[in-house]
Every structure is written in C-alpha cells, then in structure tokens.
Amino acid sequence: MIGSGMVRLQKKLTHLKHCLKEWNRTVFGIVFDRVVAAERQLKETDEAYDHDPCDRTLVKQNRGSAELVRVLAQEEAF
C-alpha cells in the first residue's frame, strides 16, 4: 500500500470493516428475519398442539419456545 502510515491504517480498517460485516451476516444471519421466522414457527406449533395435544407436538412447541428465546437474546445483544 502506498501512502502515509495513517492512510494505510485507514484503508486496512475499512477493509476489516467489510470483512467483519460479511462474517457477521454469514455466522448470525439477519437477526430480525430469524426472530420473525421463530415467531411464525412457534405460532404454527401452538396451533398444532391445540389441534393434537400429544407429547410429540408438546416437544415441538417447547423447542419452538426455546428457539424464540435464543433468537430474541441474539437480537437484544445486536
């Protein structure tokens, strides 16, 4: 890289910023979309449990609740 030390540092930091943004999207995905998807999934499992209150649908409902709590915690940290 050509330029003074501060110019090179600025270019490196800009490049790092773009790399970190891409990594964040890859690893965590779009947090808000994941929250909406988890809420929709929980609603579907709630309705399934209302129609068929068996152990299998209860387990799905519990997993959906846990997933929603997890993605809401990620959203809060974001």
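The values are calculated or read from the model by the stated rules, or taken from the named source; none is laboratory data. Values in this document were obtained by computation on a predicted structure and should not be read as measured data. With ideal geometry, Cβ positions are generated from the backbone for all residues, glycine too; neighbour counts draw on all protein chains shown.
Here are some notes:
- Taking segment 23-67 as the range and being among the acidic types (Asp, Glu), assigned to a helix (DSSP H, G or I) and at pLDDT 90 or above as the test, the residues that pass are GLU39, GLU44, ASP46, GLU47, ASP50, ASP55, GLU67.
- Selection within segment 1-22 - among the hydroxyl-bearing types (Ser, Thr, Tyr) and assigned to a helix (DSSP H, G or I): THR14
- Looking across segment 1-51, the residues that are more than 24 Å from VAL69 (Cβ to Cβ) and charged (D, E, K, R) come down to ARG8, LYS11, LYS12, LYS17, LYS21, GLU22.
- Segment 27-42, residues that are within 25 Å of THR57 (Cβ to Cβ) and aliphatic (A, V, I, L, M): VAL35, VAL36, ALA37, ALA38, LEU42
- Scan of segment 41-74 for residues that are within 24 Å of ASN24 (Cα to Cα) and touching a Lys or Arg at 6+ places or on another chain (Cβ under 8 Å), ordered by number: VAL71, GLN74
- Hits in segment 63-78 - residues which are surrounded by 14 or more Cβ atoms within 10 Å (Cβ to Cβ) and more than 11 Å from the chain's Cα centre (by Cα): GLY64, SER65
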